[in-house]
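Reading through the structure tokens given below for one structure.
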Amino acid sequence: MHEGRRIEVWCSNDYLDMSRHPDVIRAQVDSTIEHGVGSGGSRNIAGTSQAHVELEESLAAWYGKERALLFSTGYTANFETLSTLLSVAPDMVVYSDELNHRSLIEGVRRSATRKHIFPHNDIAALEKLLGESEPEAQKLIVFESVYSMEGDHSPISEICDLADRYGALTYLDETHAIGMTGPTGAGRCEQLGEDRITFIQGVFSKALGTFGGFVAGPDSVLDFVRSKAPGFIFTTTAPRPVLDASQRSLELVRGESGRQLRETVRDKVRLMKRELTDRDVDFIDAPSHLVPVLVSGGRRVKRVSRMLLEEFDIYVQPINFPSVPLGAERFRVTVAPSRTAEQIARFAAALRKCLNNHPTAPALEA
């Protein structure tokens, strides 16, 4: 890369540009000056600070749950919570959406419980599976609110209705909805007014722009996870400056500035979809802020990505198997609130040119 070259990134998880918000940066810098860059240990020894306690209290209140528990990453939050809980409930029957994130899959897979994979968002199939299990069996439904590769929403309230009917617990990953939906950005449950979910998982590393993950839910259950989960007990906790930045980002996202950013993103996404439609670019018209652009063929999507970078200074990462099925390769495009109408039009025009230079891949290539 030559000096001074500027690359536009169109697949970032920093959905609201919060990682560059001056107030969030200042919170982390001030905290670093006061507390240093490390954390001092694991949570159960020397790593719990006032910031940990306050952030967990804020999250529990935000989600209307008894408790919240911080983890080093969102992946760890899912894997450790699910694997730890299921390890002491061997008779639990788990029902998992087929498009669940790998962290959810691995958390369930780690246990010896019976598992059922139901077709994506298929309420009828889920109910059939629930009805086939013993009425007295413990049950857990694991799913996401926004699926990042499709950009679609899950039928949360309908799943909660089934959970009520069949006596099941629910575990919902709100990773891609946090900050982006709901009056205060709490996610799809807040948007729907749905408070029946047992466990809600989320992250700071997407719309909140910082780092780490969490789970909110019943106090006694999460206290058990705190006491037993290896990935919580035996790892150094997040440094206080990161948590102070997360707390400040949370305050902003929940307030008026967050509401305005969410509206701006929705407007920019609508503009992006119009620009893509005008240029006959194939994309999934999903209801979320994510825009999956379909570019079938493993080699083809890589070539288009490389051309965008080399000729237009546009970076968008190819999504290949196993993240998506063979033949369903794509770009997962995100539109930050700072994007201009000119940048959006330029991106769509550049993409169209690159697609023209790399026409539809033969079936064997996919």
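In the stretch 325-354, what residues are in a helix (DSSP H, G or I) and not hydrophobic (A, V, I, L, M, F, W, C)?
E342, Q343, R346, R352, K353
Can you name every one of the strands (runs of 3 or more DSSP E) wholly within the stretch 160-262 that holds 1 or more residues which are in contact with a Ser or Thr (Cβ under 6 Å, 6 or more places away or on another chain) and surrounded by fewer than 24 Cβ atoms within 10 Å (Cβ to Cβ)?
Of the strands (runs of 3 or more DSSP E) lying wholly inside the stretch 160-262, those with at least 1 residues that are in contact with a Ser or Thr (Cβ under 6 Å, 6 or more places away or on another chain) and surrounded by fewer than 24 Cβ atoms within 10 Å (Cβ to Cβ) span 168-173.
Among the listed residues V94, V108, which satisfies the condition of being part of a strand (DSSP E or B), over 24 Å from T210 (Cα atoms) and in the same structural domain as E34 (by TED's automatic domain parsing)?
The conditions single out V94.
Given the residues E66, E34, E8, E54, which is the only one that is free of Cβ contacts under 8 Å to residues at least 12 places away in the same chain, out of contact with any Leu (no Cβ under 7 Å at 6 or more places or on another chain) and either within 30 Å of A345 (Cβ to Cβ) or not assigned by TED's automatic domain parsing to the domain that holds L309 (or both)?
It is E34.
Using the structure shown, decide if N100 is touching a residue at least 12 places away in the same chain (Cβ under 8 Å), in a loop (DSSP other than H, G, I, E, B) and surrounded by 15 or more Cβ atoms within 10 Å (Cβ to Cβ).
When the stated conditions are applied, N100 passes them.
Please verify whether A77 is of a type in the set (A, V, I, L, M, F, W, C), buried (at least 20 other Cβ atoms within 10 Å of the Cβ) and assigned by TED's automatic domain parsing to the domain that holds F214, treating the condition exactly as stated.
So A77 passes the test.
Determine whether the stretch 134-145 contains at least one residue that is surrounded by 19 or more Cβ atoms within 10 Å (Cβ to Cβ), aromatic (F, W, Y), under 16 Å from the mean Cα position of the chain (by Cα) and not in a strand (DSSP E or B).
There is no residue in the stretch 134-145 that is surrounded by 19 or more Cβ atoms within 10 Å (Cβ to Cβ), aromatic (F, W, Y), under 16 Å from the mean Cα position of the chain (by Cα) and not in a strand (DSSP E or B).
Write out, first by first residue and then by second, each pair whose Cβ atoms fall under 6 Å of each other, whose residues are 6+ apart or on separate chains, and whose first residue, in the stretch 195-222, is farther than 25 Å from E158 by Cα while the second is part of a strand (DSSP E or B).
Matching pairs, first to second residue: G213/F71; G213/V203; D219/R67; L222/R67; L222/L69.
Test G40 against the criterion of being crowded, with 22+ Cβ neighbours inside 10 Å and either part of a helix (DSSP H, G or I) or not basic (K, R) (or both), and give yes or no.
Spelling it out, it is not the case that G40 is crowded, with 22+ Cβ neighbours inside 10 Å and either part of a helix (DSSP H, G or I) or not basic (K, R) (or both).
Can you tell me which condition V295 does not meet? The list is (1) at pLDDT 95 or above; (2) of a type in the set (A, V, I, L, M, F, W, C); (3) surrounded by fewer than 20 Cβ atoms within 10 Å (Cβ to Cβ), and all the others hold.
Every condition holds for V295 apart from (3).
Please state which of the following conditions A286 fails to meet, knowing it meets all the rest: (1) surrounded by 16 or more Cβ atoms within 10 Å (Cβ to Cβ); (2) touching a helix residue (DSSP H, G or I) at 6+ places or on another chain (Cβ under 6 Å).
(2)
The values are calculated or read from the model by the stated rules, or taken from the named source; none is laboratory data. Here the structure is a predicted model, which means the values were calculated and not measured. Heads up, the Cβs are rebuilt from the backbone with ideal geometry, glycines too, and the neighbour counts pull from every protein chain shown.
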